[in-house]
Structures are given as C-alpha cells and as structure tokens.
1. Order these peptides, 26-32, 79-85, by their mean beta-carbon neighbour count within 10 angstrom, highest first.
2. Applying 1/(1 + (r/R0)^6) with R0 = 41 Å to the Cβ-Cβ distance of V84 and L44, what FRET efficiency is obtained, to the nearest 0.05?
3. By per-residue mean of other Cβ atoms within 10 Å, what is the highest-first order of 44-55, 115-126?
4. On the principal axes of its Cα set, how long, how wide and how thick is region 5-75? Give whole Å, largest value first.
5. Hey, rough spin-label estimate for V105 and V31, points 7 angstrom out along Cα→Cβ, what's it come to in nanometres?
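Throughout, read-outs are computed from the coordinates displayed, never taken from laboratory work. Small disclaimer: the values here were computed from a predicted structure and weren't measured. Note that we place each Cβ from the backbone using ideal geometry, even for glycine, and neighbour counts take in every protein chain shown.
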Amino acid sequence: MDWKSLFFTAEGRIGRQAFWIAWLSLLGVNVVLGWVPFLPLLALFCMVCIYTKRLHDMGQTGWLQLIPLLFGPVLLIGSITLLVMGSAFASLGDGDPDIVALFGVGGVILSLITGFLVTVGFTLWVGCAATQPGENRFGPEPVTAVLV
C-alpha cells in the first residue's frame, strides 16, 4: 500500500504496523504544522481513514470510532448540567454554593480526564488488536510488508 491510499482512502484494511506508522506520522505533522490553516482538518480526515481501515482489518465497522468522539462531550455536558443545577439548588436552600461549584468544576475536570482516557484506550485497542485472519467483507488480509 502506498502513502496516498493509506492516508486518503477509507477502503480496505491495514495491519498494526502500518496503523502505528501512519498514526505517529500524523501526530508529528500536527505537532510541527498544527498552526497552518486547514491542516488540522486534513489531518483529522487522514486519521479517520487510518482508523477506519484498521477497524476493517479487525472485522469491525469504521463507525466504531464515534465512541470516543461522543463519549467525552456527553460526560462534559452532564457535568456542566450538574454544576448549573447544583448551584441553583444551593442558592434556594441552606447549601453552600462554593462547595457545589467546587464539585461541579471537579466533575468537569473528571469528565475531561475520562474522555481522554477513553480516547487513549480506544487507540490502544485499535492499534494492538489482532488482525482478523483471511479475507473479510472489507477485503483481503493486508500484507505485513513495510510501506513503499
């Protein structure tokens, strides 16, 4: 598989080695050139392509990559809702609004950390899971040769 099809198509399958090489390459591009307009969007598209192909290699659908994408915002919205509701209830009764706000901010921070850990765990699962042997509905088993 060549670099163009690795980064710019979501069809087919790639093995663990190609996934990690592509993932680290995109990480490096984002670190070095993340300030260039529209480059992060291009890198995001490439990341979706490599995750999709790796999930296909495992026999899974590429839509599974929505799990970490949706998990963090759901936790964050829940934490902010609790913060607002807790503050409102504290102002109505004898509760201390500072303690409620502290727990709310702690909940927001905890949700951000949890979202980060879910993303890291998902990436490790995708990058380390075994290849589904033989041909599957997404194509033939990828060759383990180094990229050209």
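1. Values: 26-32: 12.7, 79-85: 15.1.
Highest mean packing first, the order is 79-85, 26-32.
2. Once rounded, the FRET efficiency stands at 0.85.
3. Working: 44-55: 20.2, 115-126: 14.8.
In descending order of packing, they fall as 44-55, 115-126.
4. Rounded to whole Å, the extents work out to 36, 33, 17 Å.
5. Those two pseudo-labels are separated by 3.1 nm.
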